[in-house]
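Q: For reference, the structure I am asking about is given below.
No value in this document is a laboratory result; all are computed from the given coordinates. The structure presented is a predicted model; accordingly, all values stated were derived computationally and were not measured. Ideal geometry is used to build each Cβ from the backbone, glycine not excepted, and the neighbour counts take in all protein chains shown.
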Amino acid sequence: MAKSQVSMKVNGKTVDALVEPRTLLIHFLREDLNITGPHIGCETSHCGACTVDLDGKSVKSCTVFAVQANGADIRTIEGMANADGTLHALQEGFREMHGLQCGFCTPGMIVRAYRLLQENNSPSEEDIRHGISGNLCRCTGYQNIVKAIQYAAAKINGVPFQEAAE
Amino acid sequence: MIPGPFAYHRPQSVTEAVSMLSDLGEDARALAGGHSLIPMMKLRLATPAHLVDLAGVADLKFIRADGADIVIGAMTTQHELIGSDLLTGKLPLLREAALVIADPQVRYAGTLGGNVANGDPGNDMPAVMMCLGATYEIAGKSARRRIPARAFYQGAYLTALEAGEILTAVRIPAPPAGHGFAYEKLKRKIGDYATAAAAVVLSMSGGRVAACSIGLTNVAETPLWAEEAGKILAGSGLDAATVKQAVAAAEAITAPATDARGPAHYRTKMAGVMLTRALARAQARAGA
């Protein structure tokens, strides 16, 4: 089958490549670009471990063909830290609030939470839980992930983070 | 999981898209958001030789008022439906239904056109469209036509759409100001299809039901319009006895499959429960 030429921006860098049309974006990122932050979890668009930010949308990269992303601007966990190497508020939040245990879901969680905070910088706990409902975590029970996102929101808004009473 | 090989096409206009689909024949499929088709391709349950991606067709993505109707382009995503001020104001049922479809990531990609045109009885929007009396705008190589949603669904994955045609827009008559509405969906978890779901739109006048329309999701091979149940409720004050009679009429037209979501008789009863809840919520929201 004839290959297609694609060009896209991934974490700020322009990438040109020839891909088979059936190449899924997750395979293109991991195998062709060696960007292995987005994980392959369920492969059935349920778990969200493969989530990347694509033109301002959170998408499951296992359910998008690389050719569909031609011309797109993509961000993965590899593109989250600040230019000076310091952690993004979300990464810091996940570290400070113990928002991960095994870490498998974390790249997808953080990239999804990034878009959630772009759309709503002061989400309620319910907004957060609804917003990350497409990302499964089998370790944490979500409580600390919610706290990590609240921590990041507080930091981005320049207000002190207040942990809610349990 | 790697799909079978295919050739990728990206038309720029509806005319180009339908002429491609009709020239390429049965081995070609239109690609909208891809969140039904791509999973099927990964499982090799679908192996199209050609994919015609509609993402480059600009005039399929819009939400606008057109006289007394609201018209929505087929490539409008669920996420865009949820964020639309026009819909929140005039047709809030769509936002409520879109919010219980799949999960956030799927809603960024999944389109209204794909949801209604695919013919999957588990999809939520078809019953909502039957409830609202929507009309689908269809384009083919030689002609354009309109089909009422209530006449579109013929069986599981079987619709009035013919080979080479695409659904370009959904046209919905805006319900009257002050109407009540609700979409009640029972599902096992986020991202699941409905065990059963019910859509209701009703108008009240002097404490009585002036008009009521009901759609049911995933309790038959096709979405259902519960016409008889709506007629029973018209003129009533939604008293318990009349609601019970209408719910029984709605349950009577269901024919769900026994599957992982439960045995058939349970899913029928759940359709009744969802309808009862949707009626109560729609009534509470309706102006007098």
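Q: Could you check the spin-label model distance between A:H98 and B:M40? Points 7 Å from the Cα along Cα→Cβ, value in nm.
A: 4.6
Q: On to the next question. So what is the relative contact order for chain A, in percent, with contacts set as C-alpha pairs under 8 Å and at least six apart? Mind dumping the intermediate values first?
A: On the way: 296 pairs, mean separation 37.6, N = 166.
Once divided by the residue count of chain A, the mean separation gives 23 percent.
Q: May I ask for the equivalent-ellipsoid semi-axes of region B:60-173, computed as the square root of five times each C-alpha gyration tensor eigenvalue and listed largest first in whole Å?
A: Details: eigenvalues 85, 53, 34 Å².
The answer is 21, 16, 13 Å, longest axis first.
Q: When a footprinting reagent is the concern and you count Cβ atoms within 10 Å, what order do B:S36, B:S236 take, fewest first? The partial results should precede the final answer.
A: On the way: B:S36 23, B:S236 16.
Arranged by neighbour count, lowest to highest, B:S36, B:S236 become B:S236, B:S36.
Q: Follow-up question, since we're still on this one. With only Lys, Arg, Asp and Glu charged, each at its Cβ (+1 for the first two, -1 for the last two), find how big the charge dipole of chain A is about the Cα centre; round to the nearest 20 debye. Walk me through the numbers before you get to the answer.
A: Details: 15 positive and 18 negative charges, 57 e Å.
With only Lys, Arg, Asp and Glu charged at Cβ, the dipole is about 280 debye.
Q: With the crude spin-label approximation of a point 7 Å out along Cα→Cβ, what separation in nm comes out for B:D239 versus B:Y266?
A: 3.5
Q: Throw me the Rg/Rh for region B:1-127, computed over C-alpha atoms with Kirkwood Rh, two decimals.
A: On the way: Rg = 15.3 Å, Rh = 15.5 Å.
Checking Rg against Rh, the ratio lands at 0.99.
Q: Ranking B:C131, A:C62 by Cβ neighbours within 10 Å, fewest first, what do you get? Intermediate values should be presented prior to the final figure.
A: On the way: B:C131 31, A:C62 27.
Taking fewest neighbouring Cβ atoms as first place, the list is A:C62, B:C131.
Q: Counting just the Cα atoms, what span does region A:89-156 cover along each of its three principal axes? Round to the nearest Å and put the largest first.
A: For region A:89-156, the Cα spread along each principal axis is 27, 23, 17 Å.
Q: Once you have the alpha carbon radius of gyration of region A:1-68, what is it after dividing by 2.2 N^0.38 Å, with N set to its residue count? Walk me through the numbers before you get to the answer.
A: Details: Rg = 11.4 Å, N = 68, 2.2 N^0.38 = 10.9 Å.
Output field value: 1.04.
Q: So if R0 is 60 Å, what FRET efficiency would B:V273 and A:F161 give, r being the distance between their Cβ atoms, rounded to the nearest 0.05?
A: Numbers: r = 42 Å, r/R0 = 0.70.
For B:V273 and A:F161, the calculated efficiency is 0.90.
Q: Compute the signed sum of charges (Lys and Arg +1, Asp and Glu -1) over the other residues within less than 15 Å, Cβ to Cβ, of B:E228.
A: On the way: positive: B:R150, B:K231, B:K244; negative: B:E227, B:E251.
Overall, the nearby charge balance is +1.
Q: To continue, here is another question. If you take the beta carbon distance between B:A177 and B:R64 as r and set R0 to 25 Å, what does 1/(1 + (r/R0)^6) give as a FRET efficiency, to the nearest 0.05?
A: On the way: r = 18 Å, r/R0 = 0.74.
Efficiency, from the Cβ-Cβ distance: 0.85.
Q: Based on a Kirkwood Rh over C-alpha pairs, give the Stokes-Einstein translational diffusion coefficient of region B:7-53 at 20 °C and viscosity 1.002 mPa s in µm²/s. List each step's numbers first, then the result.
A: On the way: Rh = 10.8 Å.
Answer from the Stokes-Einstein relation: 198 µm²/s.
Q: Any idea what the alpha-carbon Rg over 2.2 N^0.38 Å comes to for the protein assembly as shown?
A: Values: Rg = 22.9 Å, N = 454, 2.2 N^0.38 = 22.5 Å.
Computed over Cα atoms of the protein assembly as shown, the ratio equals 1.02.
Q: Could you tell me, in Å, what Rg and Dmax come out for the Cα atoms of chain B?
A: Final numbers for Rg and Dmax: 18.9, 62 Å.
Q: Once R0 is set to 30 Å, what does the formula 1/(1 + (r/R0)^6) return for the Cβ-Cβ distance between A:A81 and B:I2, expressed as a FRET efficiency to the nearest 0.05? Can you show the working numbers first?
A: Values: r = 32 Å, r/R0 = 1.06.
With R0 = 30 Å, the Cβ-Cβ based efficiency is 0.40.
Q: Would you be so kind as to identify all helices of chain B, as entire DSSP H runs, whose Cα atoms reach 27 Å or more along the helix's own axis and whose mean Kyte-Doolittle hydropathy is at least -1.0? The partial results should precede the final answer.
A: Values: long enough: B:264-285 (31 Å, -0.24).
Answer set is B:264-285.
Q: Report the local net charge at A:D73: Lys and Arg +1, Asp and Glu -1, summed over other residues whose C-beta lies under 12 Å from its C-beta.
A: Details: positive: A:K9, A:K13, A:K57, A:R75; negative: A:D53, A:D55.
Overall, the nearby charge balance is +2.
Q: Continuing with the same structure: Using 0.36 nm per residue of separation minus the Cα-Cα distance, give me the extension gain between B:S19 and B:R208 in nm, one decimal. Intermediate results must be reported in sequence, preceding the final value.
A: Values: separation 189, 0.36 × 189 = 68.04 nm, distance 5.08 nm.
Between B:S19 and B:R208, full extension yields an extra 63.0 nm.
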